[in-house]
Amino acid sequence: MGSATAAGASVSSRMILMRAAFFTLCALVFLPALAQAKHGGVTRHYKFDIKMQNVTRLCQTKSIVTVNGQLPGPRIIAREGDRLLIKVVNNVQYNVTIHWHGVRQLRSGWADGPAYITQCPIQTGQTYVYNFTVTGQRGTLFWHAHISWLRATLYGPIVILPKKHASYPFPQPFKEVPIVFGEWWKADTETIISQALKTGGAPNLSDAYTMNGFPGPLYNCSAKDTFKLKVKPGKTYLLRLINAVLNDELFFSIANHTLTIVETDAVYVKPFKTHTVLITPGQTTNVLLRAKSKAPNVTFVMAARPYATGPGAFDNTTVTGFLEYAKPSSPSKPKASKLPILKPTLPKFNDTAFAMKFAQKLRSLNTARFPAKVPQTVDKQFFFTVGLGVNPCPKNQTCQGPNNTMLAASINNVSFVMPSTALLQAHFFKQSNGVYTTDFPTKPLFKFNYTGTPPSNMMVTSGTKVVVLPFNTTVELVMQDTSIIGAESHPLHLHGFNFFVVGQGFGNFKPKRDPKNFNLVDPVERNTVGVPSGGWVAIRFLADNPGVWFMHCHLEVHTSWGLKMAWVVMDGKGRKQKLPPPPADLPKC
């Protein structure tokens, strides 16, 4: 009996030793992989479950479309050079796509995400894996739905860290905090835009703005729904600001604190200090916040409210959060009473002069490590007017646009009509016939005083038209705001590319005068730029990414009305200059 027990103990101890050896071996195999996963050049897997979730804001509960039940959605974290495999499973009644806003998608256009441009939507019960590599980018971007108005609740941050051992070109922050601005409606947003498109009028305004999903105490019964940023005295924080709002540009400020801007749209800029940041929908801005050396007995308000220039109504409310200083806790002292609150001063809602000055301060770093590769020569020049217009009201219907018309928006007077087949598939398989035409006008067909008295005919034309560019074409594009219906700032977003903002100004662009003042040394590099209200902006980019690339106003209402178009960039001759075939799981229309 005793010998049997001893034998059992011996076997048992051998098994323990074998297990220990096995786990040691596993650790040796997997630890380098984990270390590598931490430092870049690896594949990262995410799963996005698109599902309905009950959320209560402004005293009211409603069911919203979410990723994994979260608002904002989950944070994507990667390093420059990482490959991302993001499995999106659609469990809701709506068709869904996700766009990785600002990711260049070099030769991975099938993963870009705008519905009916690069893919058919993911239908209810279906799955699609977005597969792309982050190449030559680091900083803050974001992801959002790219179909109808679903991005009202489907959005979240993308944080791209530098490669292993690469440092920031500014002081290393103590902590990094994404702050995502959103917009909240009590009503269902899909119903709102559907009704607006039927009646031809402007859609109902939102009821609140949000900061990391929370409206803050200025809104009805929202004191508990307030984002709080807790800081330690003397520490530096990197705030990753993201404007995921649907229809408004925002001013943002923190009471009694200065912000240092160090990056826009995931590109480093020459740092400059400001009390107020202007950020349009689709833009991201990284700022350094240096906390005061001693904890003051004050709570500081962080506030954002709209910069609005157009003729229409807008949600003129303010989202607020609190900046609170951590205090050393002392058990002997009683709890401090409520601290006084300090509020920031923000520019007036229509302060276009501030907007222009702010934009002109942004400059690329343009160092040996981070050069500004501005195209110095131009192969093709384009002049696009952007703005509003109208369509005739259908027979036997009353419409809510001016003089019984339907509101529309256009580029060069072409209001873009969404196809029912994805443009990228039609292009790749050479089946464009009946899907799109290649006659998008390179300049306005009808000249007028763009920022002066509007022409009597405000009707737009319609079509699914694209511009075709040979591979590696250098492009200069001037975008001119128009005063048809009313001058307005338009944040234009280009998919698939970053571009350089080489010039901007008020009034009509003068081709003989204005290019002389273009900045071709250190212009800011972006993916989304505000066309100034009653003015123009000039950008340059190199068409080095084969595929079909959407360009549109990031005010969602203007996109819905047709302020959008697409660039088709042809394959180059080299093997790495061609678009690969679509993945097997690409959704079908």
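Here are the numbers for the structure shown:
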item: Pairwise centroid distance, computed over Cα atoms, of the range 247-282 with the range 169-236, Å; result: 16 Å
item: Paramagnetic reach from residue 85 in the range 98-137 [backbone N under 11 Å; point 7 Å along Cα→Cβ]; result: 129-132
item: Mean Cβ count within 10 Å, highest first, over the residues of peptides 549-562, 576-589; result: 549-562, 576-589
item: Alpha-carbon centroid distance for the pair the range 549-588 / the range 364-441, whole angstrom; result: 12 Å
item: Leading residue at positive end of dipole, the chain (Cβ point charges), from 267, 424, 545; result: 267
item: Label-point separation, residue 68 to residue 577 (7 Å along Cα→Cβ), nm; result: 4.1 nm
item: Simple label model, 7 Å out from Cα along Cβ direction - residue 221 to residue 516, nm; result: 6.4 nm
item: Label of the coordinate-derived value, percent of Cα pairs over 37 Å apart, listed as (i) 49; (ii) 35; (iii) 29; result: (ii)
item: Additional length obtainable on full extension of the chain from residue 367 to residue 77, 0.36 nm per residue less Cα span; result: 101.8 nm
item: Point-charge dipole on Cβ atoms (K/R +1, D/E -1) for the chain, about Cα centre, debye to 20; result: 1920 debye
item: Rounded, prolate or oblate (a/c below 1.5 giving rounded, otherwise prolate when a/b exceeds b/c) for the range 120-159 by Cα gyration tensor; result: oblate
item: Hits among aspartates and glutamates - C-alpha to C-alpha of residue 573 under 20 Å, sequence gap 8 or more where chains match; result: 379, 544
item: Cα Rg, Dmax, the range 459-589, angstrom units; result: 16.5, 52
item: D (Stokes-Einstein, µm²/s), Kirkwood Cα radius, the range 204-360, 1.002 mPa s at 20 °C; result: 128 µm²/s
item: Potential lengthening between residue 294 and residue 167 on full extension [0.36 nm per residue; Cα-Cα distance subtracted]; result: 42.9 nm
item: Selection from 234, 471, 88, by position along the positive dipole direction of the chain (Cβ); result: 234
item: Structure-based [θ]222 nm, the chain - -39500 (n - 2.57) summed over DSSP H runs of at least 4, per residue, nearest 500; result: -4000 deg cm²/dmol
item: Computed lengthening from residue 59 to residue 448, 0.36 nm per intervening residue step minus Cα-Cα distance; result: 135.1 nm
item: For the range 233-305: rounded, prolate or oblate by the Cα gyration tensor [a/c cutoff 1.5]; result: oblate
item: Solvent-accessible area per residue, Å², over the chain with all protein chains present [probe radius 1.4 Å]; result: 43 Å²
item: The range 541-581, relative contact order [Cα under 8 Å, separation at least 6], %; result: 46 percent
item: Gyration tensor verdict on the range 348-406 (Cα atoms; rounded if a/c is under 1.5, prolate if a/b is larger than b/c, oblate otherwise); result: oblate
item: Paired Rg and Dmax values of the range 60-127, which use every Cα atom, in angstrom; result: 13.6, 45
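The values are calculated or read from the model by the stated rules, or taken from the named source; none is laboratory data. As the structure is a computational prediction, the values presented were derived from the model and not from experiment. FYI the Cβ positions are ideal-geometry reconstructions off the backbone, even for glycines, and counts take in every protein chain you see. Accessible surface is based on the protein model in full, side chains and every heavy atom, while ligands, DNA and RNA are left aside. Shrake-Rupley method; radii C 1.70, N 1.55, O 1.52, S 1.80 Å.
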